[in-house]
1. Just how much of Arg48 is accessible, in Å², when a 1.4 Å probe is used and the result is rounded to the nearest 10?
2. Work out, in µm²/s and without decimals, the Stokes-Einstein translational diffusion coefficient of the range 199-256 at 10 °C, 1.306 mPa s, Rh from Kirkwood over C-alpha pairs.
3. Of Ile168, Leu20, Gly132, whose Cα points farthest to the positive end of the dipole of the chain (charges on the beta-carbon: +1 Lys, Arg; -1 Asp, Glu; origin at the Cα centre)?
4. Where does the Debye-calculated log10 I(q)/I(0) of the range 1-88 sit at q = 0.18, 0.23 Å⁻¹, using only Cα point scatterers of equal weight, no solvent?
5. Would you report the distance distribution of C-alpha pairs in the range 1-160 as whole percents per 10 angstrom bin, up to the bin with the largest distance?
6. What translational D, rounded to a whole number of µm²/s, comes out for the range 44-102 from Stokes-Einstein when the hydrodynamic radius is the Kirkwood one over Cα pairs, at 20 °C and 1.002 mPa s?
7. How do 205-211, 39-45 rank on mean C-beta neighbours within 10 Å, highest first?
8. Binned at 5 Å from 0, what are the whole-percent values of the Cα-Cα distance distribution for the range 141-255, short to long?
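The values are calculated or read from the model by the stated rules, or taken from the named source; none is laboratory data. Here the structure is a predicted model, which means the values were calculated and not measured. Quick reminder, even Gly has a Cβ in these numbers, built from the backbone with ideal geometry, and neighbours come from all protein chains shown. Side chains are part of the model used for accessible areas, which takes the heavy atoms of the whole protein and leaves out ligands, DNA and RNA. Shrake-Rupley method; radii C 1.70, N 1.55, O 1.52, S 1.80 Å.
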Amino acid sequence: MVGVSFGEQNFIKGGIAQDLRTDGRKRLTYRHVYVETGVIPQANGSARVRIGGTDVIASVKAEIGRPSYLQPDKGKVAVFIDCSPTAEPTFGGRGGEELSSELALALQICLLGGKSGAGAGINLSSLLIKEGRVCWDLYIDGLVISSDGNLLDALGAAIKAALTNTAIPKVQVSAEVADDEQPEIDISEEEYQQFDTSSVPVIVTLTKVGNHYIVDATAEEESQMSSAVSISVNRAGHICGLKKRGGSGLDPSVILDMISVAKHVSETLMSNLDSKISAAEACEDDES
(Lines give C-alpha, C1' and ligand atoms only; values in the text may rest on other atoms or scores of the structure.)
Protein backbone atom coordinates (compact mmCIF):
# COMPACT_ATOMS: atom_id res chain seq x y z
CA MET A 1 0.00 0.00 0.00
CA VAL A 2 1.33 3.41 -1.00
CA GLY A 3 1.57 5.93 1.86
CA VAL A 4 0.04 9.24 0.77
CA SER A 5 -0.26 12.33 3.00
CA PHE A 6 -3.50 14.28 3.34
CA GLY A 7 -2.08 17.08 1.20
CA GLU A 8 -1.02 14.63 -1.50
CA GLN A 9 -4.48 13.07 -1.46
CA ASN A 10 -6.06 16.45 -2.16
CA PHE A 11 -3.47 17.14 -4.86
CA ILE A 12 -4.19 13.82 -6.61
CA LYS A 13 -7.98 14.18 -6.41
CA GLY A 14 -7.91 17.85 -7.38
CA GLY A 15 -5.77 17.15 -10.43
CA ILE A 16 -8.07 14.35 -11.59
CA ALA A 17 -11.11 16.60 -11.12
CA GLN A 18 -9.42 19.17 -13.39
CA ASP A 19 -8.37 16.51 -15.94
CA LEU A 20 -4.69 17.11 -15.20
CA ARG A 21 -3.08 14.26 -13.30
CA THR A 22 0.13 14.54 -11.27
CA ASP A 23 2.25 13.17 -14.16
CA GLY A 24 0.65 15.53 -16.69
CA ARG A 25 -1.73 13.03 -18.28
CA LYS A 26 -5.43 13.50 -18.91
CA ARG A 27 -7.92 11.16 -17.25
CA LEU A 28 -8.18 8.77 -20.24
CA THR A 29 -4.51 8.70 -21.29
CA TYR A 30 -2.15 5.74 -20.80
CA ARG A 31 1.49 6.01 -19.84
CA HIS A 32 4.18 4.98 -22.36
CA VAL A 33 3.93 1.32 -23.35
CA TYR A 34 7.07 -0.76 -24.06
CA VAL A 35 6.89 -4.27 -25.55
CA GLU A 36 9.58 -6.91 -26.03
CA THR A 37 8.83 -10.42 -27.34
CA GLY A 38 10.70 -13.73 -27.20
CA VAL A 39 12.22 -13.01 -23.79
CA ILE A 40 12.02 -16.65 -22.59
CA PRO A 41 13.53 -19.01 -25.22
CA GLN A 42 12.21 -22.20 -23.54
CA ALA A 43 8.57 -21.07 -23.85
CA ASN A 44 6.37 -21.40 -26.92
CA GLY A 45 5.80 -17.67 -26.67
CA SER A 46 6.74 -14.87 -24.29
CA ALA A 47 6.72 -11.11 -23.88
CA ARG A 48 7.70 -8.34 -21.52
CA VAL A 49 5.53 -5.24 -21.17
CA ARG A 50 6.23 -2.05 -19.28
CA ILE A 51 3.53 0.56 -18.73
CA GLY A 52 5.14 3.45 -16.88
CA GLY A 53 6.76 1.96 -13.78
CA THR A 54 4.82 -1.31 -13.98
CA ASP A 55 6.90 -4.12 -15.48
CA VAL A 56 5.55 -7.62 -16.19
CA ILE A 57 6.50 -10.77 -18.13
CA ALA A 58 4.13 -13.36 -19.62
CA SER A 59 5.01 -16.75 -21.06
CA VAL A 60 2.98 -19.41 -22.85
CA LYS A 61 3.77 -23.13 -22.70
CA ALA A 62 1.82 -25.60 -24.87
CA GLU A 63 1.56 -29.24 -23.76
CA ILE A 64 -0.41 -32.19 -25.07
CA GLY A 65 -3.44 -32.95 -22.91
CA ARG A 66 -6.88 -34.52 -22.96
CA PRO A 67 -10.11 -32.48 -23.31
CA SER A 68 -12.41 -32.37 -20.31
CA TYR A 69 -15.53 -34.54 -20.32
CA LEU A 70 -17.68 -31.40 -20.17
CA GLN A 71 -16.00 -29.79 -23.20
CA PRO A 72 -14.69 -32.63 -25.41
CA ASP A 73 -14.41 -30.33 -28.44
CA LYS A 74 -12.10 -27.76 -26.82
CA GLY A 75 -8.59 -27.41 -25.49
CA LYS A 76 -7.76 -25.92 -22.11
CA VAL A 77 -6.11 -22.74 -20.84
CA ALA A 78 -4.81 -22.09 -17.33
CA VAL A 79 -3.51 -18.76 -16.04
CA PHE A 80 -1.01 -18.43 -13.19
CA ILE A 81 0.38 -15.16 -11.81
CA ASP A 82 3.35 -14.63 -9.49
CA CYS A 83 3.83 -11.28 -7.77
CA SER A 84 7.51 -11.01 -6.95
CA PRO A 85 8.25 -9.65 -3.43
CA THR A 86 10.98 -7.52 -5.02
CA ALA A 87 8.30 -5.64 -6.98
CA GLU A 88 6.51 -4.44 -3.87
CA PRO A 89 7.21 -5.17 -0.16
CA THR A 90 3.53 -6.02 0.44
CA PHE A 91 3.83 -8.87 -2.09
CA GLY A 92 5.80 -10.93 0.42
CA GLY A 93 3.96 -13.82 2.11
CA ARG A 94 0.18 -14.07 2.13
CA GLY A 95 -0.35 -10.62 0.61
CA GLY A 96 1.41 -11.64 -2.59
CA GLU A 97 -0.39 -14.99 -2.74
CA GLU A 98 -3.81 -13.38 -2.41
CA LEU A 99 -3.06 -10.76 -5.07
CA SER A 100 -1.65 -13.42 -7.42
CA SER A 101 -4.84 -15.48 -7.09
CA GLU A 102 -7.02 -12.39 -7.56
CA LEU A 103 -5.15 -11.34 -10.72
CA ALA A 104 -5.19 -14.88 -12.16
CA LEU A 105 -8.96 -15.15 -11.62
CA ALA A 106 -9.58 -11.71 -13.14
CA LEU A 107 -7.45 -12.56 -16.20
CA GLN A 108 -9.27 -15.89 -16.58
CA ILE A 109 -12.60 -14.01 -16.62
CA CYS A 110 -11.36 -11.27 -18.96
CA LEU A 111 -9.73 -13.67 -21.44
CA LEU A 112 -12.04 -16.68 -21.32
CA GLY A 113 -15.42 -15.10 -20.58
CA GLY A 114 -18.03 -16.85 -18.43
CA LYS A 115 -18.19 -20.50 -17.41
CA SER A 116 -20.03 -21.34 -20.63
CA GLY A 117 -17.18 -19.86 -22.66
CA ALA A 118 -19.45 -17.14 -24.06
CA GLY A 119 -17.47 -14.09 -25.07
CA ALA A 120 -14.14 -15.91 -24.81
CA GLY A 121 -11.21 -13.96 -26.24
CA ILE A 122 -9.24 -17.18 -26.74
CA ASN A 123 -10.83 -19.71 -29.08
CA LEU A 124 -10.52 -22.98 -27.14
CA SER A 125 -11.78 -24.96 -30.14
CA SER A 126 -8.62 -24.01 -32.02
CA LEU A 127 -6.63 -25.98 -29.42
CA LEU A 128 -8.43 -29.27 -30.21
CA ILE A 129 -6.42 -31.98 -31.97
CA LYS A 130 -8.88 -34.89 -31.82
CA GLU A 131 -12.30 -34.57 -30.21
CA GLY A 132 -12.55 -36.12 -26.78
CA ARG A 133 -9.04 -37.55 -27.03
CA VAL A 134 -6.23 -35.06 -27.62
CA CYS A 135 -5.87 -31.30 -27.28
CA TRP A 136 -3.36 -28.61 -26.50
CA ASP A 137 -3.21 -27.34 -22.93
CA LEU A 138 -1.93 -23.76 -22.75
CA TYR A 139 -0.25 -22.71 -19.52
CA ILE A 140 -0.01 -18.92 -19.30
CA ASP A 141 2.34 -17.64 -16.59
CA GLY A 142 2.65 -14.01 -15.61
CA LEU A 143 5.35 -12.48 -13.42
CA VAL A 144 5.12 -9.03 -11.86
CA ILE A 145 8.63 -7.57 -11.74
CA SER A 146 7.80 -4.01 -10.75
CA SER A 147 4.50 -2.53 -9.63
CA ASP A 148 3.33 1.06 -10.06
CA GLY A 149 -0.39 0.49 -10.56
CA ASN A 150 -2.62 -0.94 -13.29
CA LEU A 151 -1.27 -4.49 -13.03
CA LEU A 152 -4.25 -6.14 -14.72
CA ASP A 153 -4.03 -4.08 -17.94
CA ALA A 154 -0.26 -4.63 -18.10
CA LEU A 155 -0.59 -8.38 -17.60
CA GLY A 156 -3.38 -8.54 -20.19
CA ALA A 157 -1.16 -6.70 -22.69
CA ALA A 158 1.79 -8.99 -21.93
CA ILE A 159 -0.37 -12.10 -22.41
CA LYS A 160 -1.69 -10.75 -25.72
CA ALA A 161 1.89 -10.08 -26.87
CA ALA A 162 3.07 -13.51 -25.66
CA LEU A 163 0.22 -15.26 -27.51
CA THR A 164 1.12 -13.33 -30.68
CA ASN A 165 4.67 -14.63 -30.21
CA THR A 166 3.45 -18.21 -29.63
CA ALA A 167 4.24 -20.93 -32.17
CA ILE A 168 2.55 -24.33 -31.70
CA PRO A 169 4.02 -27.45 -33.36
CA LYS A 170 1.94 -29.20 -36.01
CA VAL A 171 0.61 -32.58 -34.90
CA GLN A 172 -0.25 -35.78 -36.75
CA VAL A 173 -2.62 -38.25 -35.06
CA SER A 174 -2.25 -41.99 -35.63
CA ALA A 175 -4.95 -44.09 -37.25
CA GLU A 176 -8.14 -44.90 -35.35
CA VAL A 177 -7.71 -46.80 -32.10
CA ALA A 178 -10.15 -48.26 -29.58
CA ASP A 179 -12.20 -45.82 -27.52
CA ASP A 180 -10.36 -46.69 -24.32
CA GLU A 181 -6.92 -46.15 -25.87
CA GLN A 182 -5.11 -42.88 -26.31
CA PRO A 183 -4.05 -42.37 -29.97
CA GLU A 184 -0.40 -41.99 -30.79
CA ILE A 185 0.66 -38.57 -31.96
CA ASP A 186 3.62 -37.26 -33.89
CA ILE A 187 4.71 -33.74 -32.90
CA SER A 188 6.69 -31.96 -35.60
CA GLU A 189 10.00 -30.39 -34.64
CA GLU A 190 10.16 -28.33 -37.83
CA GLU A 191 6.65 -27.16 -38.69
CA TYR A 192 4.84 -24.66 -36.47
CA GLN A 193 1.72 -22.56 -36.69
CA GLN A 194 1.23 -19.15 -35.14
CA PHE A 195 -1.47 -18.83 -32.53
CA ASP A 196 -4.50 -16.89 -33.76
CA THR A 197 -4.82 -13.76 -31.61
CA SER A 198 -7.42 -11.95 -33.74
CA SER A 199 -10.01 -12.22 -30.95
CA VAL A 200 -7.70 -11.78 -27.96
CA PRO A 201 -8.87 -8.65 -26.12
CA VAL A 202 -7.11 -5.80 -24.39
CA ILE A 203 -8.07 -5.00 -20.80
CA VAL A 204 -9.06 -1.46 -19.87
CA THR A 205 -9.37 -0.73 -16.15
CA LEU A 206 -11.36 2.36 -15.18
CA THR A 207 -10.53 3.47 -11.64
CA LYS A 208 -12.97 5.76 -9.83
CA VAL A 209 -11.31 8.51 -7.79
CA GLY A 210 -13.68 11.07 -6.33
CA ASN A 211 -16.39 11.77 -8.91
CA HIS A 212 -14.31 10.79 -11.93
CA TYR A 213 -12.71 7.68 -13.38
CA ILE A 214 -9.32 7.34 -14.98
CA VAL A 215 -7.39 4.77 -17.00
CA ASP A 216 -3.93 3.38 -16.24
CA ALA A 217 -3.92 4.49 -12.61
CA THR A 218 -0.59 4.74 -10.81
CA ALA A 219 -0.12 3.14 -7.40
CA GLU A 220 -0.68 6.53 -5.72
CA GLU A 221 -3.91 7.06 -7.64
CA GLU A 222 -5.10 3.54 -6.83
CA SER A 223 -4.61 4.29 -3.13
CA GLN A 224 -7.36 6.91 -3.47
CA MET A 225 -9.85 4.84 -5.47
CA SER A 226 -13.33 3.91 -4.29
CA SER A 227 -13.77 1.18 -6.92
CA ALA A 228 -12.43 -0.06 -10.24
CA VAL A 229 -13.94 -1.91 -13.18
CA SER A 230 -11.77 -3.92 -15.59
CA ILE A 231 -13.35 -4.51 -19.00
CA SER A 232 -11.82 -6.68 -21.71
CA VAL A 233 -12.67 -5.59 -25.25
CA ASN A 234 -11.71 -7.38 -28.46
CA ARG A 235 -10.88 -5.92 -31.87
CA ALA A 236 -14.54 -5.96 -32.94
CA GLY A 237 -15.54 -3.91 -29.89
CA HIS A 238 -17.23 -6.85 -28.17
CA ILE A 239 -17.01 -7.24 -24.39
CA CYS A 240 -15.21 -10.46 -23.44
CA GLY A 241 -15.26 -10.09 -19.66
CA LEU A 242 -15.80 -7.67 -16.80
CA LYS A 243 -14.41 -7.63 -13.27
CA LYS A 244 -15.13 -5.13 -10.49
CA ARG A 245 -13.05 -4.58 -7.37
CA GLY A 246 -13.25 -2.18 -4.46
CA GLY A 247 -15.89 -1.90 -1.75
CA SER A 248 -17.89 1.01 -3.18
CA GLY A 249 -20.99 0.14 -5.18
CA LEU A 250 -21.65 1.53 -8.67
CA ASP A 251 -24.97 2.47 -10.21
CA PRO A 252 -25.79 0.35 -13.32
CA SER A 253 -25.94 3.51 -15.43
CA VAL A 254 -22.38 4.35 -14.34
CA ILE A 255 -21.16 0.88 -15.29
CA LEU A 256 -22.81 1.21 -18.72
CA ASP A 257 -21.05 4.55 -19.18
CA MET A 258 -17.74 2.96 -18.12
CA ILE A 259 -18.23 0.20 -20.68
CA SER A 260 -18.82 2.81 -23.38
CA VAL A 261 -15.66 4.69 -22.37
CA ALA A 262 -13.65 1.43 -22.20
CA LYS A 263 -14.70 0.56 -25.76
CA HIS A 264 -13.51 3.96 -26.97
CA VAL A 265 -10.21 3.79 -25.07
CA SER A 266 -9.61 0.18 -26.17
CA GLU A 267 -9.41 1.22 -29.83
CA THR A 268 -6.41 3.45 -29.16
CA LEU A 269 -4.81 0.92 -26.81
CA MET A 270 -5.33 -1.95 -29.27
CA SER A 271 -3.79 0.03 -32.14
CA ASN A 272 -0.83 1.14 -30.00
CA LEU A 273 -0.25 -2.37 -28.70
CA ASP A 274 -0.50 -3.92 -32.18
CA SER A 275 2.16 -1.58 -33.53
CA LYS A 276 4.45 -2.17 -30.53
CA ILE A 277 4.06 -5.97 -30.82
CA SER A 278 4.74 -5.88 -34.59
CA ALA A 279 7.87 -3.79 -34.04
CA ALA A 280 9.04 -6.15 -31.26
CA GLU A 281 8.46 -9.23 -33.45
CA ALA A 282 10.36 -7.62 -36.33
CA CYS A 283 13.25 -6.79 -33.99
CA GLU A 284 13.29 -10.37 -32.70
CA ASP A 285 13.41 -11.72 -36.30
CA ASP A 286 16.34 -9.44 -37.12
CA GLU A 287 18.28 -10.69 -34.11
CA SER A 288 17.64 -14.40 -34.81
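1. Accessible surface of Arg48 is approximately 70 Å².
2. 132
3. The one lying farthest along the dipole's positive direction is Leu20.
4. Scattering profile of the range 1-88, log10 relative to I(0): -0.97, -1.18.
5. Percent of Cα pairs in each bin: 10, 30, 32, 18, 7, 3, 0.
6. 152
7. 205-211, 39-45
8. 2, 10, 15, 15, 13, 11, 9, 7, 6, 5, 5, 2, 0
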